[in-house]
1. Within the bounds of region B:385-395, is there any residue that is touching a helix residue (DSSP H, G or I) at 6+ places or on another chain (Cβ under 7 Å), in contact (Cβ under 8 Å) with a residue 24 or more places away in the chain and outside any helix (DSSP H, G or I)?
2. Residues that are closer than 15 Å to residue B:380 by Cα, at pLDDT 95 or above and outside the structural domain of residue B:118 (by TED's automatic domain parsing), at least 1 per element: which strands (runs of 3 or more DSSP E) completely within region B:277-342 meet that?
3. Could you run through region A:27-45 and say how many residues are exposed (fewer than 15 other Cβ atoms within 10 Å of the Cβ) and at the interface with chain B (Cβ under 8 Å from one of its Cβ atoms)?
4. Residue check: is residue A:80 assigned to a loop (DSSP other than H, G, I, E, B), farther than 24 Å from residue A:17 by Cβ and in contact with a strand residue (DSSP E or B) (Cβ under 6 Å, 6 or more places away or on another chain)?
5. Can you tell me which of (1) more than 9 Å from chain A (Cβ to nearest Cβ); (2) in contact with a strand residue (DSSP E or B) (Cβ under 6 Å, 6 or more places away or on another chain) is the one residue B:214 doesn't meet?
6. Hey, among B:124, B:134, which residue is over 28 Å from residue A:30 (Cβ atoms), touching a helix residue (DSSP H, G or I) at 6+ places or on another chain (Cβ under 8 Å) and not in a helix (DSSP H, G or I)?
7. Might you check whether a residue that is part of a helix (DSSP H, G or I), buried (at least 18 other Cβ atoms within 10 Å of the Cβ), at pLDDT 95 or above and more than 12 Å from chain A (Cβ to nearest Cβ) occurs anywhere in region B:195-209?
8. Scan (1) facing another protein chain (nearest Cβ under 10 Å); (2) within 28 Å of the chain's Cα centre (by Cα) for the single condition residue B:219 breaks and write down its number.
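The values are calculated or read from the model by the stated rules, or taken from the named source; none is laboratory data. Just so it is clear, the structure is predicted and the values come from calculations on it, not from any experiment. All Cβ positions, glycine included, derive from the backbone under ideal geometry; neighbour counts span all protein chains shown.
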């Protein structure tokens with residue numbers, strides 16, 4: 001069922017809060033929620049696309065609608081320094097084997113931290129309006145800034 | 001492996017020492033604590049057991065009571081048997097986390113030596129802190145003396161950890177009056193006490209890596225109500241487990257406890273309803289008055305939460321009963337006392353519907369004497385003879401200055 005790290009998998013299947021509404025006799029004791037289906041003993045060594053996330057896991061929900069601006073990623077400039085991956089507060093930078101692959105638009109809230117911490121010139125990540133097409137955004141990428149003397 | 005503690009058949013313990021011995025015998029995994037008067041010796045004693053090899057678990061000293069209860073929540077969610085102790089201001093600082101513990105269904109045991117709340121600052125015993133916990137979703141057991149502080153603490157683990165309950169439990173005793181008064185206490189031997197409580201059975205524990213769980217999820221208007229309803233049902237239904245645990249303790253020790261204790265109520269004409277060490281004072285007063293020909297009785301909720309509405313009603317459903325005084329040892333802050341309100345609600349559904357009055361008494365450790373209890377009984381008798389409440393419905397007992405009272409019966 002895996003479609004790779006950039007694929008859909010179970011990520012962002014539903015809007016947050018769109019679960020079946022259960023009665024008081026059906027909700028879990030103490031609001032304890034299981035994160036994965038089945039045995040999770042080896043979960044830390046299992047890559048995201050191979051994990052059996054439970055329906056309670058926020059991984060299966062999307063919060064894309066919260067976003068007004070979105071970060072766009074430019075592969076041609078990126079140096080794979082992993083700064084954005086380290087700083088993203090929502091683990092929404094997708095990286096594998098220290099190579100930047102893209103952005104998890106199901107969980108990114110558009111805070112702009114990744115753009116702020118990007119060290120390249122010009123930046124490899126820039127904020128655009130949510131409705132802007134990716135190709136259009138890439139075509140508007142700024143040139144390298146010259147150092148002021 | 002923890003060393004066995006040599007115990008005599010009868011020990012001379014105060015309430016604090018009794019509680020700390022019970023915690024030791026429960027072999028608690030984590031005690032996270034920030035000691036405060038008058039409950040300090042509970043933690044102090046427990047720390048000494050740890051230092052001397054009588055405890056295998058951890059003792060964590062933290063920076064505040066908020067942190068103490070937070071540490072307990074974390075350790076309980078991780079999957080351990082957990083307990084702590086506090087009083088008064090420390091209890092107040094814990095309150096936020098008390099609600100977390102019950103909502104997360106973590107069976108933490110909190111031993112409380114009841115003490116007044118500032119201002120003005122006061123270290124003596126009243127029930128302000130106990131009352132502060134009454135909506136927190138915990139089971140609240142009340143010990144009237146040192147023996148009961150020991151017994152109730154053992155019961156607290158067995159009740160809270162029961163898989164049908166899984167709720168935190170407080171064991172209250174009166175600060176100083178009980179916590180610092182040495183009395184004869186009949187303890188169980190270590191193994192007997194531990195076997196009575198049983199091994200801890202973890203539920204949804206975070207240290208079970210094969211089943212990763214989220215504790216402390218957020219719920220808004222679409223989920224919160226259902227979770228609180230389920231929690232309330234668990235607390236209400238803990239009543240049968242409490243009865244069962246008390247029955248098992250009786251089998252083991254011969255000491256009988258009930259969720260509502262009654263004394264000489266079978267033919268009572270007047271009664272006092274009270275909590276804590278004042279119960280024994282009221283019983284002495286009732287005994288003396290019965291020698292003078294007044295049929296006095298006493299009702300004492302041993303279990304403050306879940307409030308034993310049905311058993312209080314049964315206790316007051318006595319055909320001869322005419323007048324009842326409810327004693328609240330906590331400043332009511334602009335209302336009738338909480339015990340008065342709750343007991344009156346239960347009494348309202350009896351056939352006899354006795355006249356109900358309220359006394360605010362004993363604040364900040366003010367002594368409550370047998371003489372004063374007798375005076376209150378006699379005042380109830382005056383109501384009974386007159387056929388109506390002859391005083392203000394709420395009065396203050398034992399306060400200096402002009403008589404202080406509020407509200408009268410409206411008579412047609």
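1. As a first pass, look at region B:385-395 and keep what is touching a helix residue (DSSP H, G or I) at 6+ places or on another chain (Cβ under 7 Å): B:389-391.
Imposing the further condition that a residue be in contact (Cβ under 8 Å) with a residue 24 or more places away in the chain reduces the set to B:389, B:391.
This time we only want the ones that are outside any helix (DSSP H, G or I), so: B:389, B:391.
Within region B:385-395, one or more residues are touching a helix residue (DSSP H, G or I) at 6+ places or on another chain (Cβ under 7 Å), in contact (Cβ under 8 Å) with a residue 24 or more places away in the chain and outside any helix (DSSP H, G or I).
2. Of the strands (runs of 3 or more DSSP E) lying wholly inside region B:277-342, those with at least 1 residues that are closer than 15 Å to residue B:380 by Cα, at pLDDT 95 or above and outside the structural domain of residue B:118 (by TED's automatic domain parsing) span B:296-301, B:323-328.
3. Qualifying residue count, region A:27-45: 2.
4. The answer is yes for residue A:80.
5. Exception for residue B:214: condition (1).
6. None of the other options fit; the residue is B:124.
7. Yes, region B:195-209 has at least one match.
8. Unmet condition: (2).
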